[in-house]
Structures are given as structure tokens and as C-alpha cells.
């Protein structure tokens with residue numbers, strides 16, 4: 001089975017080389033694995049308030065040849081939320097409310113796209129099963145998409161509750 005390496009390039013262009021690699025059946029499986037990992041990294045980064053949307057994986061073979069460059073934005077299939085702007089002076093309640101309303105609007109749009117991606121992945125998974133192929137990677141990708149969707153829904157619900165109180 002061929003071995004693939006997943007080098008991570010951050011938003012500053014710094015590369016972390018994968019020295020272990022993974023044995024996968026083909027480049028398509030490597031691409032799906034990179035998509036799943038990108039979504040995992042994105043979800044974890046969002047939990048701690050970062051936006052890794054500018055990161056990417058470079059998938060290379062044993063010879064070191066880069067087969068595919070996968071920007072996280074492509075793997076995610078939707079635009080990540082922008083980092084919150086740093087405010088020097090303490091904002092008024094009205095300013096916070098306006099910023100939160102804007103974030104809520106962005107969350108709603110992102111959730112609509114996420115729902116479409118979940119539906120698309122479920123369709124792919126059904127088709128892959130029907131063709132008799134291994135569905136492990138597709139199932140993990142769907143689980144990660146659902147986890148990400150849950151994180152976004154939780155954030156939306158918290159914002160909605162906070163805005164309804166003000």
C-alpha cells in the first residue's frame with residue numbers, strides 16, 4: 001500500500017513536515033484523509049478562538065513529490081468566521097450587541113452551508129456503501145462535519161440567548 005505524508009502549512013507559510021505518513025490505498029483516500037484532518041484542526045482551533053482558514057496540507061508521496069495541495073478553505077467547503085477585532089477602548093453594550101448580531105448573521109450563513117455539506121457527505125457515504133467500497137474515511141468525515149455543525153449551533157444558541165436578554 002502506498003504511503004502518503006501530510007505536511008501542514010500554517011497561515012504564515014511555516015511548514016511542519018509529517019515524518020510518519022499513512023499507508024492508504026490511493027491518492028483519493030489521502031485527499032479524503034486530509035479533508036477530515038483539516039476539519040478536525042479547524043474545529044479545535046475555533047474552540048480556542050483561532051481561525052485556521054488560511055492553513056493547508058501538502059500531500060506528498062514517499063519520493064517527496066507533492067501530489068496535492070489542499071487549502072483548509074477548500075476542505076471545509078465554506079468560509080470560516082473572521083477573527084474578532086481587537087477593540088482598544090471598552091465597547092459600549094450597544095457596540096457589543098451590534099458585533100454579536102453580525103456574528104450571529106455569519107453563524108447562520110455558515111450553518112446553512114454546513115447543513116448542505118452534511119447532506120452532500122451523507123449522499124456520498126450512501127453511494128460509496130452501495131458501490132461496496134470501504135466507508136471508514138467517509139464516515140469519519142461525516143462525524144467531523146456533524147461535530148463542527150454542533151459547535152456552530154451551540155455558539156449560535158448562546159449568542160441568541162445573550163441578544164434576547166439585551
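For residue 156, state whether it is surrounded by 12 or more Cβ atoms within 10 Å (Cβ to Cβ), at pLDDT 80 or above, within 18 Å of residue 28 (Cα to Cα) and not assigned by TED's automatic domain parsing to the domain that holds residue 28. Judged against the criteria, residue 156 is not a match. Look at (1) over 25 Å from residue 128 (Cβ atoms); (2) surrounded by fewer than 16 Cβ atoms within 10 Å (Cβ to Cβ) and you find that residue 2 fails only one, number (1). Scanning region 3-18 for residues that are closer than 16 Å to residue 64 by Cβ and free of Cβ contacts under 8 Å to residues at least 12 places away in the same chain yields one hit, 16.
Residue pairs whose Cβ atoms lie under 6 Å apart, separated by 6 or more positions or on different chains, with the first residue in region 40-61 and within 22 Å of residue 3 (Cα to Cα) and the second modelled with pLDDT under 75, are 41/52.
Selection of region 45-60 for residues being at pLDDT below 85 and more than 15 Å from residue 73 (Cα to Cα) yields 47, 48, 49.
The values are calculated or read from the model by the stated rules, or taken from the named source; none is laboratory data. All values reported here derive from a predicted model rather than from experimental measurement. Positions of Cβ are generated from backbone atoms using ideal geometry, with glycine treated the same way; all protein chains shown enter the neighbour counts.
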